[in-house]
1. Report, in deg cm²/dmol and to the nearest 500, the calculated mean residue ellipticity at 222 nm for the chain, where each DSSP H run with n ≥ 4 adds -39500 (n - 2.57) and the sum is divided by the residue count.
2. Suppose we keep just the DSSP beta bridges with both residues in the chain; what percent of those would be antiparallel, to 5?
3. Rounded, prolate or oblate: which fits the chain, taking a ≥ b ≥ c as square roots of the Cα gyration tensor eigenvalues, rounded meaning a/c under 1.5, else prolate when a/b beats b/c?
4. Below 12 angstrom from the Cβ of His75, what's the summed charge of the other residues (Lys, Arg +1; Asp, Glu -1)?
Amino acid sequence: MSAKLGLPSYTLVLSGAAQQDIAQILAWTQEAFGDAGRTRYENLISNALIDLRTDPTRAGVRRRDDIGKSICTYHLASSRKRTTTRKHVAKPRHLVLFRVKKNMIEVARLLHDAMDFVQHVS
């Protein structure tokens, strides 16, 4: 499925927590890997969100009712090769936690893959 085939894309809504997660992820990436690293990771996050907006059932999406009702996860690594930066992020470690409601994708959090997701999703 894709918007190119005439299918509508979904509206994407980021929770306040997801917005804070992104800001913290990018600040840490800036500190650890500099401007180029931050640009690569920012591009990766953006592409992952675009990929989900286009098709929230795409390869790499997992239904995770163990985390919360109707929660799905999508690892940023699944969008790694579609980034537009010259170099790719070697080992992305974050997942998008989201729900699909009608034609809307509600992004609850972006969390490190080693975190306890249940603790961070309400």
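Only the coordinates and a few stated rules stand behind these numbers; no lab work does. Since this is a predicted model, take the numbers as computed values, not measurements. Glycine also receives a Cβ, built like all others from the backbone with ideal geometry; neighbour counts cover every protein chain displayed.
1. On the way: 2 runs with 43 residues, N = 122.
That calculation yields -12500 deg cm²/dmol at 222 nm.
2. Details: 15 of 19 bridges.
Counting only bridges with both partners in the chain, antiparallel ones make up about 80 percent.
3. Numbers: a/c = 1.87, a/b = 1.19, b/c = 1.57.
Because a/c hits 1.5 or more and a/b fails to exceed b/c, the chain counts as oblate.
4. Details: positive: Arg58, Arg62, Arg64, Arg80, Lys91, Arg93; negative: Asp51, Asp113.
So the environment of His75 carries a net charge of +4.
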